[in-house]
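This report refers to the structure that appears directly beneath it.
Quick note: the coordinates plus some simple rules give every number you see, no bench work behind them. Values in this document were obtained by computation on a predicted structure and should not be read as measured data. All Cβ positions, glycine included, derive from the backbone under ideal geometry; neighbour counts span all protein chains shown.
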Amino acid sequence: MKLLTPDLAARLRANDAAHRAAVARGGREPDPAPVVRFFNPVGSATWLATEMDEDGILFGLADLGFGCPELGSFALAELEAVRLPYGLGIERDLGFTPHHPLSVYAAAARSAGSILLGERSLREAAARMSGRGSRIAGCG
């Protein structure tokens, strides 16, 4: 699977340009929602990317499955070069729809110890806020 479509690459580059422009004028850095999620289909590694520069270096939240998700840079070429068992490679989550800016995903992931557990916490909190999850053990 090709990890990025032309549309996704353009959106990532636009976020990179917005970030660079904000830094150049001394403004507040943008906090965009992730554009794409990559994952290891036979492991727990997950990446959320918000930006990509002209050299294919992505910026976002990386979780290699060791309990300490980090904001940082990672190379698209390195993700594409990973060879896993059964002839698999890193994949793009075709169903990923972001609901929060990257900073929210990062805070939740750090608190939970992984991107996936952090996302679950965010979904559960949203359900509680909307009234769908008001029946919690020991309450009401």
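Remarks
- Residues in the range 54-72 that are among the aliphatic types (A, V, I, L, M) and either over 11 Å from I115 (Cα atoms) or in contact with a helix residue (DSSP H, G or I) (Cβ under 7 Å, 6 or more places away or on another chain) (or both): I57, L58, L61, L71.
- Restricting the range 1-48 to residues that are among the β-branched types (V, I, T) and either touching a strand residue (DSSP E or B) at 6+ places or on another chain (Cβ under 6 Å) or in a loop (DSSP other than H, G, I, E, B) (or both), the residue that is farthest from G67 (Cα to Cα): T5
- Just so you know, in the range 120-135 the residues that are hydroxyl-bearing (S, T, Y) and part of a loop (DSSP other than H, G, I, E, B) include one that is surrounded by the fewest Cβ atoms within 10 Å (Cβ to Cβ), and it is S130.
The rows are residues; the columns are (1) hydroxyl-bearing (S, T, Y); (2) without any contact (Cβ under 8 Å) to a residue 24 or more places away in the chain; (3) closer than 19 Å to Y105 by Cα.
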site	(1), (2), (3)
I57	no, yes, no
L61	no, no, yes
F74	no, no, yes
A77	no, yes, no
G89	no, no, no
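- Any hit, the range 20-32, residues being of a type outside the set (S, T, Y), surrounded by 13 or more Cβ atoms within 10 Å (Cβ to Cβ) and in contact with a His (Cβ under 7 Å, 6 or more places away or on another chain): yes
- Selection status of E51, part of a strand (DSSP E or B) and in contact with a helix residue (DSSP H, G or I) (Cβ under 7 Å, 6 or more places away or on another chain): yes
- Here is the figure for the range 80-119: residues that are surrounded by 15 or more Cβ atoms within 10 Å (Cβ to Cβ), more than 13 Å from the chain's Cα centre (by Cα) and assigned to a helix (DSSP H, G or I) total 2.
- All of (1) of a type in the set (G, A, S); (2) more than 15 Å from S103 (Cα to Cα); (3) under 14 Å from the mean Cα position of the chain (by Cα) hold for G27 with one exception: (3).
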